[in-house]
1. Of I170, I175, which residue is at pLDDT below 95, within 16 Å of the chain's Cα centre (by Cα), under 24 Å from V30 (Cα atoms) and surrounded by 12 or more Cβ atoms within 10 Å (Cβ to Cβ)?
2. Being buried (at least 16 other Cβ atoms within 10 Å of the Cβ) and not aromatic (F, W, Y) is the filter here; which residues of the stretch 261-271 pass it?
3. Scan S204, S198 and give me the residue that is at pLDDT 95 or above, loosely packed, with under 13 Cβ neighbours inside 10 Å and not charged (D, E, K, R).
4. Could you please find all residues in the stretch 180-238 being among the charged types (D, E, K, R), closer than 15 Å to Y254 by Cα and outside any loop (DSSP other than H, G, I, E, B)?
5. For the stretch 68-76, state whether one or more residues are of a type outside the set (V, I, T) and without any contact (Cβ under 8 Å) to a residue 40 or more places away in the chain.
6. Restricting attention to the stretch 256-264, does a residue exist that is farther than 21 Å from F21 by Cβ and part of a loop (DSSP other than H, G, I, E, B)?
7. Take the residues in the stretch 228-250 that are touching a residue at least 60 places away in the same chain (Cβ under 8 Å) and of a type in the set (V, I, T), then tell me which one is farthest from E182 (Cα to Cα).
8. Could you look through the stretch 226-260, keep only residues that are surrounded by fewer than 16 Cβ atoms within 10 Å (Cβ to Cβ) and small (G, A, S), and pick out the one that is farthest from D197 (Cα to Cα)?
Amino acid sequence: MNEVRVLKPGFYTSIQDLGRFGFRSYGVPVSGVMDSLSAQKANLLLNNNPNAVVLEITMTGPVLEFSDKTQIAICGAEFDLSLNTASIRNDKVYSIAAGDALRFGGLKKGFRAYLAISGGLCTEKVLNSCSQYAGITSQNRLLKGDILAFENNDKPLKSGARVNFEAIGIFDSKIEVYPGPEYELLPVNLQERLIQDSFSLSPSSNRMAIGFKELVPNNLSGITTSPVTPGTVQLTPGGSLIALMRDSQVTGGYPRVLQLSEFGICTLAQKRPGEQVEFRLKEI
């Protein structure tokens with residue numbers, strides 16, 4: 001095994017795969033990458049398993065040092081990236097030599113990037129997943145001085161392929177949703193408001209939930225505690241909309257007025273606090 005040393009961890013860099021499934025009945029969140037599309041495309045560029053372990057990099061990025069050769073790909077949010085002193089870019093495979101340092105500089109677009117390493121990282125697995133989550137894994141994010149193992153890759157890829165993200169709208173302001181179980185209980189004017197108004201992300205948003213600043217009048221009663229999933233949009237008694245994300249709880253008592261599609265979750269995960277979005281209903 002070879003190693004990646006964390007010289008600087010960044011604001012919130014965590015180890016993630018596609019999630020922890022089969023344990024919701026015990027109250028265990030799914031977790032996993034916030035933007036599954038970008039993470040899987042980073043792995044695709046390297047011919048990795050789609051569920052190979054990646055680093056999720058939020059808002060500010062790390063500085064990493066590699067002990068041996070490998071290959072990497074970065075997808076999702078666009079940072080100023082440098083490999084030693086050379087600038088590099090998203091959506092492309094780069095070869096790494098022993099002693100190379102990868103630096104994430106200023107954030108230019110989006111909010112979360114994904115670093116995949118050829119073969120995937122070899123990290124702590126708990127309940128069939130390597131996704132970090134407080135109370136399940138020993139850490140919930142990377143710390144300065146952490147050392148991550150990866151497999152040596154003796155067969156470098158030879159490909160000039162590049163993935164174009166602009167065409168798929170991952171940075172679009174329109175968020176794809178379906179009606180939630182309690183959507184039809186809302187008056188028609190409030191249904192229309194949900195899909196016509198703009199909503200700005202709250203500064204307190206995180207991997208558990210993304211809140212919105214604007215209030216929506218709410219005359220609905222609370223519901224019997226019912227299942228919720230990543231992407232469920234709840235309407236609180238005070239009129240706040242809350243979109244549950246990957247680390248969310250498994251049940252809730254607020255009306256579930258919308259449900260983000262998988263693509264909607266990925267798109268919302270790339271929005272920064274303060275950015276405005278609009279919900280767009282998708283035909284069932």
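1. Working: I175 fails: at pLDDT below 95.
From the options I170, I175, the qualifying one is I170.
2. G264, I265, C266, T267, L268, A269, Q270, K271
3. From the options S204, S198, the qualifying one is S198.
4. Across the stretch 180-238, the qualifying residue is only E184.
5. No; the residues of the stretch 68-76 include none that is of a type outside the set (V, I, T) and without any contact (Cβ under 8 Å) to a residue 40 or more places away in the chain.
6. no
7. First, pick out the residues of the stretch 228-250 that are touching a residue at least 60 places away in the same chain (Cβ under 8 Å): 229-230, 245-250.
Among the residues that remain, those that are also of a type in the set (V, I, T) are: 229, 250.
Numbers: T229: 15, V250: 17 Å.
Among them, the one singled out is V250.
8. The extreme case among them is S226.
The values are calculated or read from the model by the stated rules, or taken from the named source; none is laboratory data. Small disclaimer: the values here were computed from a predicted structure and weren't measured. Counting neighbours? That spans all protein chains shown, and the Cβs are built from the backbone with ideal geometry, glycine included. Only protein heavy atoms, including side chains, enter the accessible area calculation; ligands, DNA and RNA are left aside. Shrake-Rupley method; radii C 1.70, N 1.55, O 1.52, S 1.80 Å.
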